[in-house]
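Report on the structure given below.
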Amino acid sequence: MQSANMLLRKIVRSSVLPFAAQHGMKKDLFPRSRTLSLSLCLKQDKSCEPSEKLDLDEWKKVMKSGLQEDVSEMVPEPKELSSLAAARETLEMWRLAGRVVPENISEEELKTFMECPSKSAKKKYLKYLRIKELHKKNDKRKTGEKRERRLEAQDQASKMGETKKNSFICMWSSTMDKAYNWRAAQSMIFGQPLVFDMSYEKEMSVREVTNTVRQIVLSESCNRRSVDPFHIHFCNFKDDSLYHREFIKQYREAWGKLLITVTDQCYTEIFPKDKLIYLTADSPKVMKTFDHNKIYIVGSMVDKSIKTGVSLAQAKRLGLETAALPLEKYLLWSTGAKNLTLDQMMRILLTLKDTADWKKALEFVPKRKYCGFVNKPVKELKKTLDLINTLKLGKGREEVQKQIAKSYPKKYKLK
């Protein structure tokens, strides 16, 4: 009986299952309600054994399992997966052969590698990927080294900070602070006054006021460390103003200990008008020398939008004398406005007060704004530059010679 069942399975697999796989008949191939009567007549002493009934449910399970195995064997793998696997195997073989191959490659790069038209193109592409991978590794290594160096520098700075806390350095710093404070105290009695006009809060934004206060803090520290400091006055200073709040943020507890004069009065109420000079870049009058008997006023204003004429109008309204720094006289100006920061103005005035040398004083002007110092007057330089421009534009030679002869009659003569 077992041999008969095996024979029946072979017949069904060889005949029925391929036909069902081709036509897609899986579920309705055999009805569930039918039974199959199988009678096998074995020629054994010319007698036939009785037929035996088979349960089709179990038989169909066996047939379906065989069908699924045959169908899975017949359905091929996708071409993309097989080609990607083949490409990866090729890369492994090339890596083992010692060729330049990247260690890690993505599927997109692998597809690009497969689309290369020739073998040399594939090699070049793999070399490019390998070099790119090495660059990434070098960048990571460099960033790691920078991080390590930064951490080492921080450790060394912390160690140096600890060493600086010894008694000698602390004594030296406290002694210097006492010396600076003594000079500032002397300047409050005998020093030349310097006024900061604090009446421009409404002309600026909050950010501009913050920048103004930072520049004034730098100016005060520079003045305190100088040999002969000014006696600084904050005039038109209102309590609980934006200036006041920003100064408290910057100085904190030291705000009440500063050796300066802070008042809400105007400078015209404190000093005589004939001694006051308002320093503004918009003034038509140029400052020639530094006068130790005058009291200079600096407008406490930082305007990003460059509001011209604000400080000049303030000085004219009060009937004060104005002056501007002689930047065009000593500097060959290139770009930018002629407005300077408050700390730069402080350094220039301190240098003029100590040395009376404009060349040394104007070294604190940012070098990006001028080309250099000039020995000749700037008007003559402008004339020569205009003549050079006319030559470049291609004007007549005779006209240029006439202009040169007019400008320099001693050196050049008309023929």
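The values are calculated or read from the model by the stated rules, or taken from the named source; none is laboratory data. Model, not experiment: these values are computed from the prediction. No Cβ is skipped: glycine too gets one built from the backbone with ideal geometry, and neighbour counts run over all protein chains shown. Each accessible area value is taken on the protein alone, full model and side chains, heavy atoms only, with ligands, DNA and RNA left out. Shrake-Rupley method; radii C 1.70, N 1.55, O 1.52, S 1.80 Å.
Give the percent of DSSP beta bridges with both residues in the stretch 192-373 that are antiparallel, rounded to the nearest 5. Write out the running numbers ahead of the final one.
On the way: 2 of 21 bridges.
Roughly 10 percent of the beta bridges in the stretch 192-373 run antiparallel, per DSSP.
For the pair Glu269/Tyr251, report the inter-label distance in nm, with labels modelled 7 Å from Cα in the Cβ direction.
Here the answer is 2.0 nm between the modelled labels.
Could you work out the pair-distance distribution P(r) of the stretch 192-373 from its alpha-carbon pairs, with 10 angstrom bin width and percents rounded to whole numbers?
9, 38, 39, 13, 1
Please compute the net charge surrounding Lys119, taking Lys and Arg as +1 and Asp and Glu as -1 over other residues with Cβ under 15 Å from its Cβ.
Counting the neighbours of Lys119, the net charge comes to +4.
Counting Lys +1, Arg +1, Asp -1, Glu -1, what net charge surrounds Lys136 among other residues with beta carbon under 13 Å of its beta carbon?
Residues close to Lys136 contribute a combined charge of +3.
Go through Lys238/Lys329; Lys275/Lys359; Lys202/Lys338; Lys202/Lys353; Lys202/Lys316; Lys369/Lys402 and tell me which ones have a Cα-Cα distance over 28 Å in this structure.
From the list (Lys238/Lys329; Lys275/Lys359; Lys202/Lys338; Lys202/Lys353; Lys202/Lys316; Lys369/Lys402), the Cα-Cα distance tops 28 Å for Lys238/Lys329; Lys202/Lys353; Lys369/Lys402.
With all protein chains present and a 1.4 Å probe, how do Leu318, Leu327 order by accessible area, largest first?
Leu318, Leu327
For Lys127 and Ser334 in the same chain, what is the full-extension length gain: residue separation times 0.36 nm, less their Cα-Cα distance, in nm?
Taking Lys127 through Ser334 to full extension adds about 69.5 nm, to one decimal.
Give me, ordered by chain and number, the residues 5 or more places off Ile295 or on other chains with an amide H under 5 Å from its own placed amide H.
Under 5 Å from the amide H of Ile295 lie the amide H atoms of Leu276, Ile277, each far enough along the sequence or on another chain.
Between Asp197 and residues 5 or more places away or on another chain, which pairs have amide H atoms under 5 Å apart, with H built 1.01 Å from N, and which residues are they?
Val298, Gly299, Ser300
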